[in-house]
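Bear in mind that the values in this text are calculations on the coordinates, not laboratory data. A quick note: this is a predicted structure, and the numbers were derived from the prediction, not measured. Cβ: placed from backbone, ideal geometry, glycine included. Neighbour counts: every protein chain shown.
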Amino acid sequence: MDVNHLLFAAAVMMGATAVAVGVAKKIELGAIVALLVVGMALGPHSPMPLLTGHVAEMQAIGEIGVALLLFAVGLDLQPTQVWSIRRLVFGLGSAQYALTTAAIVAFFALNIGIAQVKWQAALVVALGLAMSSAAIPFPILQERRESVTPQGRAVVAIDIFQGFMLVPVLALIPILAARSTHGGHFLGLKETLEVIAALVGVYVLGKFVLPRALTLTARSLGPSGFAVIVLAAVFFAGWWMETVGISMALGAFMIGILLSTTAYAEQVKAAVTPAKQLLLATFFIAIGMAIDLKQLFELKGDLLLYLPALLAIKFVVLLLLARAFGLGLRPAILTGVLMMPFDEIAYVIVASANSSGLLSPREYAVGLSMISLSFVVSPVLINLGYQLTERLKHARPAGAPPEAVAPAEESVVVAGYGYVGRTVCAMLERARIPYTAFELDPDWLAMAKTWKHNVQYGDVANPSIIQAIASSHPRLIIAANAANDTTRRMIDHLRQFYSRVPVIAAVPYLVQRDELRGIGVTEVLALAPEGVLSFGRRVLERLGVAAIQTKAIVGSLEAGDYAALRNVRGSEPDKAEAAAMRSGGAAVQ
């Protein structure tokens, strides 16, 4: 392929992707379906193919995006969250995965025949299809504000456990492939030791080397250097795993888990998001190119049997287990429909099994087709599930106590860990209000760790972090020092794209307060007049001025929006001070 054709193909593919994703979101099918359709429409099996070669190369590039996806999944596995719902994670999650896998293997054996398919292939495919997508239910739960409902907690718990299962499943594939292709012998001692050495090496890299490298990067380069350091570590861990015959995704997933407990998790996630999205889109387009529409039509009989049956298996297992773990009928039904769709990770597992020689071309085509079609039908089934269970929303069995629903503890976000931010965090701690603060100064992060405040390293002006903050439906965003450029850009971005997110700000002077009011922030407190008036009130009391007279004096100074103070030197910054604050460093102070 020459450069001109490559540029033309890239332009057409990007344009088609943009249009397809826009249409898919409008009809609520999701971006994955759109990417698969683009791949099928432009790939070698299309009636008018744009790309007839290099599909394997595109899949190889796309697999890097999958590795970054698993890296992001690992970053989300917070130990504190796991521990708070450990009964559901290790009880409901483990039972769901084990029983669903066993039921799918039994279904394959009964309908295909164990003699016609390798048991290794049946097991690997079942392990992949037993996993459920997080991309479909999580946005629905957030939109309906159901993240802390029984079905929301069950979905989170199942997703967390399946995240843990990625490690053994991805490690199991090459072992099963060796068992299948080497006359029933497992990996030898040398290969086993190489795998153990690789796992230990990646652990050391993610636990000790990478956090120190990120600390040095934060001090010298700031958050702009995070992407290079993190991507280098993820790619190195993936390469190391590949050299010993294990999927690169496993190395990336381990790095993500090891970084999830550090203060850099949110900023790291924001740093790799653009590369992850681009490469992951390439992966799904390449998967679409691998789907032969003619072969898919020939498999219509199998698909009409397999897809409904497998979705039904997942739903029934989830429904029965959810009821066994104490969920009401409606939460149990919703848990079943929300976790029916197959996981995007199933593409990785099936593709890895295919490249290892465990699957025949036909089995590979059936697997890809079922996963893809589940993304098409699942949103419809989920909406139907909500409609059918609406009558059960307030229904209770006679004599049964009402279901216990966890209160909505949406977290407060504090932008900046300077003096104001530290004081606010201390007050939130005493009020037992959950919060997350963001700061760019490594020294203040160390201070926060000493004081046991929940502070993350993060650039609150980064659009990816702002999107993550807004999508979590925060109870309140507190701009602890909005005079700083970083926090000012955050407020401007929130007002422009997430106007419903509540924001309250503290600024040093009235001039900054007036600027923020000008861009739509209504709750802004100027610390200089308020703090000075509070100090002045204390002075008058100390001098014996009557309380009623003190109140009248303070009231006169507050009148007309502090009109009497606006001409007092120091109530607003001079030009040099204002310029210094506007050009102030990247750190939120």
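Just a few scattered comments:
- Ellipticity at 222 nm from helices only: DSSP H runs of n ≥ 4 in the chain, each -39500 (n - 2.57), divided by the residue count, give -21500 deg cm²/dmol.
- Angle in degrees between helix 150-181 and the longest Cα principal axis of the chain, rounded to the nearest 10: 40
- Label-point gap, in nm, between L293 and S499 - each point 7 angstrom along Cα→Cβ: 4.2
- Exposure proxy order (Cβ contacts within 10 Å, fewest to most) of L92, L123, L533: L533, L123, L92
- Model label points for S94 and M48, set 7 angstrom from Cα along the Cα-to-Cβ axis, are 5.6 nm apart.
- Calculated FRET value between D485 and V539, using beta carbons and R₀ = 35 Å, to 0.05: 0.50
- Fewest-first ranking of R330, R475, R145, using other Cβ atoms within 10 Å as the exposure measure: R145, R475, R330
- Note on L329 and E242: with the Förster distance fixed at 41 Å, the Cβ-Cβ geometry gives a FRET efficiency of about 0.30.
- Report note on the peptides 543-549, 415-421, 501-507, 271-277: ranked by the mean count of other C-beta atoms within 10 Å, highest first, their order is 415-421, 501-507, 271-277, 543-549.
- Efficiency of FRET between S556 and F208 - r from beta-carbon atoms, R0 60 angstrom, step 0.05: 0.45
- Couplings for region 241-258, taken from phi via the Karplus curve 6.51 cos²θ - 1.76 cosθ + 1.60 with θ = phi - 60°, read 5, 4, 5, 9, x, 10, 4, 4, 4, 5, x, 5, 5, 5, 4, x, 4, 5 Hz in order; Gly and Pro are left as x.
- Sorting E390, E363 from the fewest to the most surrounding beta carbons within 10 angstrom yields E390, E363.
- R517 versus K449: modelled label distance in nm, points set 7 Å from Cα along the beta carbon direction: 4.3
- Maximal additional length on extending the V3-S355 stretch stands at 123.8 nm, based on 0.36 nm per residue less the C-alpha distance.
- Residue ranges 224-236, 450-462, 32-44 sort as 32-44, 450-462, 224-236 when ordered by packing (mean number of other C-beta atoms within 10 Å per residue, highest first).
- Taking the DSSP beta bridges with both ends in the chain, the antiparallel portion is around 5 percent.
- Folded to 0 to 90 degrees: helix 31-42 orientation relative to the chain principal axis, Cα: 50
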